[in-house]
Amino acid sequence: MKVFYLAFLLLFSFSVEAQKIIKGLVVEAEKNVPVPAASVFLNNTSVGTTANAQGAFELIVPNGKFDLIVSSVGFETYNQTIVSSEFADFITIKLKPKQNELESVIIEPYEKNGWEKWGKFFTEIFIGTSANSANCNIKNINVIHFRNSKKTNELTVTADEPLIIENKALGYTVHYQLEGFTYNFHTRYLFYYGYPFFEEMKGTAARKKHWAGKREDAYYGSMLHFMRTIYRNTLTTEGFEVRHLKKVFNTEKQRVKDVYAQGRTTGNGQNIVVKKENADSAAYYSKIVKGPDFFDVIDKNLLPGDSIAGALDSVTAVLEFKDYLLIIYTRKMADPEYVRQFPDAGTAMASQMTLPNNKPIEIQANGSYFNPTDLLHLGYWSWSEKMASLLPF
C-alpha cells in the first residue's frame, strides 16, 4: 500500500478539529506489567510515538480509517483497524510474547551465512531494482534470517526487529515491521506483508525539493494512485485505461506435450525423439512447448470505474471484478530500468490485477485498501511496487 505525499497534501491535511488524541497503555498480556518503549504508530504513515517507561502513550490521529500498530522486540505485533471518529479516548493494549520457534528451526533450520547466500536476491525482490533502489538500503541486515524449504520450494524471511530502511532517493527512513515473507521458486509468486513507519530525513531546501519531485514521480501511475482514482471514479481523467482480461489455457501446448510423452527416448534415457504427427515438425513442437501456458484475451472496450467498483458506505468503496484487469497508465512510459530488464514487456506501464480469493477489496479515500492479501498484481506493478518506491499516507 503505497501512498503519495506532495500533490495531495491539501486534500489530506486535517484541521485541528478533525484530529483526535488517543491515550493508551501498553502492557504484557500474561503478567499485566507495562511494556516500556513500545512503538505505537499508524501503519504506512509518519504518525507515531513511543510508549514511556510506564508503557503510557499519546497519539494524535487524523480523521479516517487506519491500522493502529504496536510493536516491541520479543512480542507479537498488535494490529487493530480503527476509525478515529468512533475510537475510544483510552485503550489498553496487551502484547503477547512471541512463541518459541525452536521446533520449526530444528525441522528446517535457518540458513547459515544467510545474508551472504540470499541477501542480494532478497534485496532485489524486496527493495527492488529500479533507479531508486540504488539509493535505498537496509541498515540492520544482522536481524534478518533466511529459511529455504526444499519441501515447499519456498524461501522464508524473518526479522528479529523492525528493518531500518534508509531511502535516500525519496528522503525517508522507514522502520518496517516485517510480519511475513515467502517467495515460491516454482510459481515465482512473492508474498510479503508488514507495517512501515516513516521518518522524514533532514536536508537542505534544495534536497527537500528534489525529494518532493522524486515522490511525485513515484506516485503517478502507482497502485496507490490507481486506488485513489477508483475511489473517486476518475480513471479516465487521471490517465488510466482499464480493460477486462481473461487468461485462456493453451490447449495446443498441452497437445504437443502429449505428443512428447508418446515419443521414445534414446538408449541413455536422456534425449527425446519426437515422432512426426499431422505433418508437424520437431522444430514446431519445440517452439510451442516453450510458449506460454495461457493466452491473454483482452476486451477492446474500456471499463469505467463504476463498472468494477461501488460504494459500500459513505466512506468506503468496494473493488470487485471477475478474471483479470489490464491496467495501463498512459501519461508516463515504463521506467527505463524495467524496459532494460524486460525488453519483451514493451514500454507501456501495463499491469494486471486479479482477486485470487474471489473476495472484494475495500478502498478508503486515501488509497489504502483491505485486505492486501486478497489482491494479486502482475506485470509492471509486480516490478515497481517495492520498498524503494514506498510512500506514506
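The values are calculated or read from the model by the stated rules, or taken from the named source; none is laboratory data. Being a predicted model, the structure only gives us computed values, none of them experimental. Cβ atoms come from the backbone with ideal geometry, glycine included; neighbour counts cover every protein chain shown. For the accessible areas, the whole protein counts, side chains as well, though only heavy atoms, and no ligand, DNA or RNA atoms are used. Shrake-Rupley method; radii C 1.70, N 1.55, O 1.52, S 1.80 Å.
Only residues that are open to solvent by less than 30 Å² (accessible area, probe 1.4 Å) and touching a Gly at 6+ places or on another chain (Cβ under 7 Å): list them for the range 319-349, please.
Result: 329, 349.
Can you tell me which residue within the range 209-227, out of those that are farther than 24 Å from residue 347 by Cα and surrounded by 14 or more Cβ atoms within 10 Å (Cβ to Cβ), is farthest from the chain's Cα centre (by Cα)?
In this case the residue turns out to be 210.
Residue 361 is checked against (1) surrounded by 21 or more Cβ atoms within 10 Å (Cβ to Cβ); (2) within 23 Å of residue 181 (Cβ to Cβ); (3) modelled with pLDDT of 95 or more; (4) not charged (D, E, K, R) and fails just one. What number does that condition carry?
Condition not satisfied by residue 361: (1).
Looking only at the range 228-249, count how many residues are of a type in the set (A, V, I, L, M) and either open to solvent by 50 Å² or more (accessible area, probe 1.4 Å) or more than 24 Å from residue 378 (Cα to Cα) (or both).
1
What's the number of the only condition in (1) at pLDDT 95 or above; (2) farther than 24 Å from residue 318 by Cβ that residue 297 fails to meet?
(1)
Out of the range 179-199, which residues are surrounded by 14 or more Cβ atoms within 10 Å (Cβ to Cβ) and in contact with a helix residue (DSSP H, G or I) (Cβ under 9 Å, 6 or more places away or on another chain)?
181, 183, 190, 192, 196
Condition (residue is open to solvent by 40 Å² or more (accessible area, probe 1.4 Å) and modelled with pLDDT of 95 or more) applied to the range 1-19: is it met by at least one residue?
Checking the range 1-19: not a single residue is open to solvent by 40 Å² or more (accessible area, probe 1.4 Å) and modelled with pLDDT of 95 or more.
Can you confirm whether residue 309 is open to solvent by less than 40 Å² (accessible area, probe 1.4 Å), touching a residue at least 12 places away in the same chain (Cβ under 8 Å) and under 20 Å from the mean Cα position of the chain (by Cα)?
Considered against the rule, which asks whether it is open to solvent by less than 40 Å² (accessible area, probe 1.4 Å), touching a residue at least 12 places away in the same chain (Cβ under 8 Å) and under 20 Å from the mean Cα position of the chain (by Cα), residue 309 comes out as no.
Limited to the range 369-393, what total is found for residues that are under 13 Å from residue 338 (Cα atoms), of a type in the set (A, V, I, L, M, F, W, C) and either in contact with a strand residue (DSSP E or B) (Cβ under 8 Å, 6 or more places away or on another chain) or part of a strand (DSSP E or B) (or both)?
1
Of the conditions (1) without any contact (Cβ under 8 Å) to a residue 40 or more places away in the chain; (2) under 30 Å from residue 83 (Cα atoms); (3) more than 19 Å from the chain's Cα centre (by Cα), residue 343 satisfies every one except a single condition; which number is it?
(2)
Output the residues belonging to the range 39-60 that are on the phi < 0 side of the Ramachandran plot and open to solvent by less than 20 Å² (accessible area, probe 1.4 Å).
Once the filter is applied, which keeps residues that are on the phi < 0 side of the Ramachandran plot and open to solvent by less than 20 Å² (accessible area, probe 1.4 Å), the range 39-60 yields 40, 41, 42, 43, 45, 51, 57, 59.
Kindly list, by first and then second residue, each pair from a residue in the range 365-393 that is within 20 Å of residue 128 (Cβ to Cβ) to a residue that is in a helix (DSSP H, G or I) and among the acidic types (Asp, Glu), limited to pairs with Cβ atoms under 9 Å and residues at least 6 apart or on different chains.
383/337; 386/124
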